[in-house]
1. Residue-wise, which Karplus ³J(HN,Hα) couplings in Hz belong to segment 94-99, taking 6.51 cos²θ - 1.76 cosθ + 1.60, θ = phi - 60°, and x for glycine or proline?
2. I want the local charge near Leu171. Using Cβ-Cβ distances under 13 Å, sum +1 for each Lys or Arg and -1 for each Asp or Glu among the other residues.
3. Per residue of the chain, what 222 nm ellipticity follows from adding -39500 (n - 2.57) for every DSSP H run with n ≥ 4, rounded to the nearest 500?
4. Would you mind telling me which residue in Asp142, Asp27, Asp98 has the biggest mean-square fluctuation in a Gaussian network model of the chain, where springs connect alpha carbons within a distance under 10 angstrom?
5. Treating only the Cβ atoms of Lys and Arg (+1) and Asp and Glu (-1) as charged, compute the dipole magnitude of segment 10-98 about its Cα centre; round to the nearest 20 debye.
6. Fewest Cβ neighbours within 10 Å first, please rank Thr105, Thr10 accordingly.
7. Of Leu102, Phe18, Leu72, whose Cα points farthest to the positive end of the dipole of segment 5-204 (charges on the beta-carbon: +1 Lys, Arg; -1 Asp, Glu; origin at the Cα centre)?
8. Once you place label points 7 Å from the Cα toward the Cβ at Thr24 and Lys39, how far apart are they in nm?
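All of the numbers you see were taken from the coordinates with simple rules; none came from a lab. If you're wondering where the values come from, they're calculated on a predicted model, not measured in any experiment. Quick reminder, even Gly has a Cβ in these numbers, built from the backbone with ideal geometry, and neighbours come from all protein chains shown.
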Amino acid sequence: MPDCRLYLITPPALPAGFADTLATALDAGDVACLQLRLKGAAPDDVARAVEALMPVAQARDVAFILNDDAQLAARLGCDGAHLGQSDGDHAGARMLLDQRILGITCHASRHLAMRAGEMGADYVAFGAFFPTDTKPTEYEADLALLEWWSEVMEVPCVAIGGITAANCAPLVRAGADFLAVVGAVWGHPQGAAAGVRAMNTAIATA
């Protein structure tokens, strides 16, 4: 396995037939995990999406991570949860998700990342590294943060924010363990499978 791997996040709204699109994308190359991120969706809608998509990911040994809600992730049997800084009690989530994955958004903050690592997070996420249309960019991270973290800490780090096959090489070289992408795959002009292949090629040749 490469030192850096692809971390795929679902589009903001799931189009019809997305489970089939997801299967095609995951079959196209190495993907470490899939994060279901449906901001503002009702819990029942999230549960239906988990029911449809989690088997697709898990059948391919891709970890299925739910965004924002550790309790729902635990109840639905997800492989883990990804929490922002305002998404509830991180320490409580760590206990709730015992033996499962807990990732925490740390923006561009060394302090937040160290606190997350000490609390037992399985990975920390830094960003945004580039402008992105997926969500408003409040924080801007730089390569020095990745370099410092990878040299000093054992906990893996995820780089996020506007990452594409064309711009990801410096992030890989700086020590990112995972690259989180949305548009680079789902918005690829040749389709999601081509997006996964392009990202894997870029990672391998960085």
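1. Whole-Hz 3J(HN,Hα) from phi for segment 94-99: 4, 5, 5, 9, 4, 6.
2. Working: positive: Arg5, Arg173; negative: Asp3, Asp142, Glu147, Asp177.
Here the count lands on -2.
3. Helix contribution divided over all residues of the chain: -11500 deg cm²/dmol.
4. Asp98
5. Dipole of segment 10-98, to the nearest 20 debye: 100 debye.
6. Ranking Thr105, Thr10 by Cβ neighbours within 10 Å, fewest first, gives Thr10, Thr105.
7. Projecting each Cα onto the dipole axis, the largest value belongs to Phe18.
8. If labels sit at Thr24 and Lys39, their model points lie 2.7 nm apart.
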